[in-house]
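Peer 1: Starting off with a structure, shown below.
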Amino acid sequence: MKKWGRRIGIAALVVVALLGTAKLVVEWRDRADPVDVSDLAAAFDSPAGATPRSDVDGGDSAGPDRLPVGVWSYEASGSEYIDLLGGPLHEFPSQVAQSVTNTECGQTIEVLLFEQRSDTLDLCSSDDGALRLERFETRHEFVGVADVTVTEGCGAIDIWWPGIEQDVGAEASSVDCTAIGDMSGTVGAVVTHEVVALEAVEAGAGTHEAVRVRVTSRVGTDSDPTHGVYDAEFWFGLEDAVILRRTLDAEVNASTPLGTVRFEEGFDISAEDLEPLSG
């Protein structure tokens, strides 16, 4: 009995040592590099920059069916967490960037929270001036492994349109989509859009009237290996449609080669100034 007790004790110590080593490897490989907002703004204005320029299809003017273009600096709070050996947990920096660019189809909105973490909304202009969801990309990186999920095939769901504030309280609209992830594979998704309210938002040096819009993506069902909810909200300024504030609350359980992991995220960003740093 003593021999078996010693063996069990040694085996337990080996397991603990292996777990400890794995945790150290996770911490060593994991990165969350802050974004240099000034460099991003400079790249936006540079013809050789990696960011699409604002002079695509319509010049610098947003136009009646466009959001203002440029790179904005946002005050940020929040974190992201993946349940993998007790972490890692990434606290978002106090300053992040968000850009709006013109494209041949319409416009792209991208928020860059870390070099390894971004959300991208690709929107297309419709004949009535609305901006419709074409695809939505979420990019994360944990322990040196990138995970990109693309939601697409949604059909006609409008995100913003001129005079959107007149539709406050209207019935929410939903479409069926497909979410394709590096880790989680392919799963169905339902995206819902709702014009919630007119609200006063503090941004820059003052308070501004805004229309609050909610976009919710429900991925899979409870019986699917991958399932969860991304609940995003946008506050578009009534005066010039600048995105004054944006939030996200997400919780997803995903089936991965490492087993089922839980992902949680929440952020709240507010424009530091109504004028863009570039554009």
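Peer 1: What ³J(HN,Hα) values, in whole Hz, does the Karplus curve 6.51 cos²θ - 1.76 cosθ + 1.60 give for the stretch 66-80 when θ = phi - 60°, with x put for Gly and Pro?
Peer 2: 9, 7, x, 9, x, 10, 10, 9, 10, 6, 10, 8, x, 7, 10
Peer 1: Send over a whole-number figure in Å² for the accessible area per residue of the stretch 171-220, probe 1.4 Å.
Peer 2: Ligands and nucleic acids excluded, the result is 48 Å² per residue.
Peer 1: Would you mind counting up the charge near THR192? Only other residues with Cβ under 14 Å from its Cβ, with Lys and Arg at +1 and Asp and Glu at -1.
Peer 2: Counting the neighbours of THR192, the net charge comes to -4.
Peer 1: Going by average Cβ density within 10 Å per residue, which order do the peptides 94-104, 66-76, 169-179 take, highest to lowest?
Peer 2: 66-76, 94-104, 169-179
Peer 1: Near GLU75, within a Cβ-to-Cβ distance under 11 Å, what is the net charge of the other residues, with Lys and Arg +1 and Asp and Glu -1?
Peer 2: My count for the surroundings of GLU75 gives -3.
Peer 1: Dipole size in debye (nearest 20) for the stretch 63-195 around its Cα centre, Lys and Arg Cβ +1, Asp and Glu Cβ -1?
Peer 2: Dipole size: approximately 200 debye.
Peer 1: Check which residues have an amide H placed less than 5 Å from THR226's amide H, if you skip close sequence neighbours.
Peer 2: SER255
Peer 1: Give me the 1.4 Å probe accessible area per residue for the stretch 229-277, excluding ligands and nucleic acids, in Å².
Peer 2: Per residue, the stretch 229-277 has 43 Å² of solvent-accessible surface.
Peer 1: Now, a different point. Please give the length that would be gained between ALA146 and ASP36 if that part of the chain were fully extended, namely 0.36 nm times their separation in residues minus their C-alpha to C-alpha distance (nm, one decimal).
Peer 2: Difference between extended and current length: 37.6 nm.
Peer 1: Near the amide H of GLU134, under 5 Å away, which other amide H atoms are found, from residues 5 or more places off or on another chain, if H is placed in the peptide plane?
Peer 2: Placed amide hydrogens put ASP122, LEU123, CYS124 under 5 Å from GLU134.
Peer 1: When the accessible area of the stretch 150-261 is computed with all protein chains present and a 1.4 Å probe, what percentage of it is carbon and sulfur?
Peer 2: 46
Peer 1: Near the amide H of GLU115, under 5 Å away, which other amide H atoms are found, from residues 5 or more places off or on another chain, if H is placed in the peptide plane?
Peer 2: Hits under the 5 Å cutoff: ASP33, VAL35.
Peer 1: Something else: So, by mean Cβ neighbours within 10 angstrom, what's the order for 34-45, 115-126 with the highest one leading?
Peer 2: Highest mean packing first, the order is 115-126, 34-45.
Peer 1: Additional query: Using the Cα centre of the stretch 83-216 as origin and beta-carbon charges of +1 (Lys, Arg) and -1 (Asp, Glu), tell me which of ALA156, CYS105, THR138 is placed farthest towards the positive end of the dipole.
Peer 2: Sorting the options by dipole projection puts first THR138.
The values are calculated or read from the model by the stated rules, or taken from the named source; none is laboratory data. A quick note: this is a predicted structure, and the numbers were derived from the prediction, not measured. All Cβ positions, glycine included, derive from the backbone under ideal geometry; neighbour counts span all protein chains shown. Surface accessibility is based on the protein's heavy atoms, side chains included, excluding ligands, DNA and RNA. Shrake-Rupley method; radii C 1.70, N 1.55, O 1.52, S 1.80 Å.
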